[in-house]
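See structure below.
Every number here is computed from the coordinates shown, using simple stated rules; none is lab data. Since the structure is predicted, the reported quantities are computational estimates derived from the model, not experimental observations. A quick note on method: Cβ atoms are made from the backbone with ideal geometry, for glycine too, and the neighbour counts reach across all protein chains shown.
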Amino acid sequence: MLLITGLTLLGLGIILWFYGNRMWLLGAGAGALLGFGLLNLIPSLSTGWLGFFIVAGLAVLFGVLGFIGKAFTKIIAMVIGFIAGGSLVIAFMNLLGTSVSFWSWIFALLGGLVGAVLLNRFIDWGLIIFASLIGSMLMVRGTAVAFQSTMAGTLESVLVLVLTGFGIFYHARRMK
């Protein structure tokens, strides 16, 4: 993958981690994570600039969807929650090195449903949790792609969880 794709993921992850309680920014992060997951599922797309355009295009698409959808907050929250939950499941499965199978799609659909319900029911805490999770995942994956790191899946997972914990704490303190 290109260095620019990794740096884009890293930059978007940092911005999302700090300012992710905005629906449009969460949508952009979820779109970028979904694009990165698609690149891992179809490796032939990740060579060259096409991979960058897929990641950036999905980030812009879902960011615009989150921005325009202020009038339809509940519906947009469910859609972005579904995309965020499903892309997080795919990202964690890629992080742990599991192969793509029928069950990974089932787990992604279940994660999407959980994400949709969570973001619809508890929108403030859902934004905080998803912003921290997706921001942490984008930072770790972006760093690995940009600097061609081959960290072990367990180390990356622990790093994502630690960053997520700090992100939730940071946003909870800002909310008070």
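Things to note:
- When each of Arg22, Arg141 is scored by the number of other beta-carbon atoms lying within 10 Å, the sequence from fewest to most is Arg22, Arg141.
- Gain in span if fully extended, Ile75 to Leu161, counting 0.36 nm per residue against the direct Cα distance: 28.1 nm
- Once Rg and Dmax of the Cα atoms in Å is calculated for the structure shown, the corresponding label among [x] 16.6, 51; [y] 14.8, 46; [z] 23.0, 76 turns out to be [y].
- A helix-only calculation puts the chain at -28500 deg cm²/dmol for mean residue ellipticity at 222 nm, using -39500 (n - 2.57) for each DSSP H run of at least four residues, averaged over all residues.
- As a proxy for reagent exposure, ranking Ser136, Ser99 by other Cβ atoms within 10 Å from fewest up yields Ser99, Ser136.
- Residues Ile68, Ile80 in ascending order of nearby Cβ atoms (within 10 Å, fewest first): Ile68, Ile80.
- Alpha-carbon centroid distance for the pair region 122-141 / region 59-101, whole angstrom: 11
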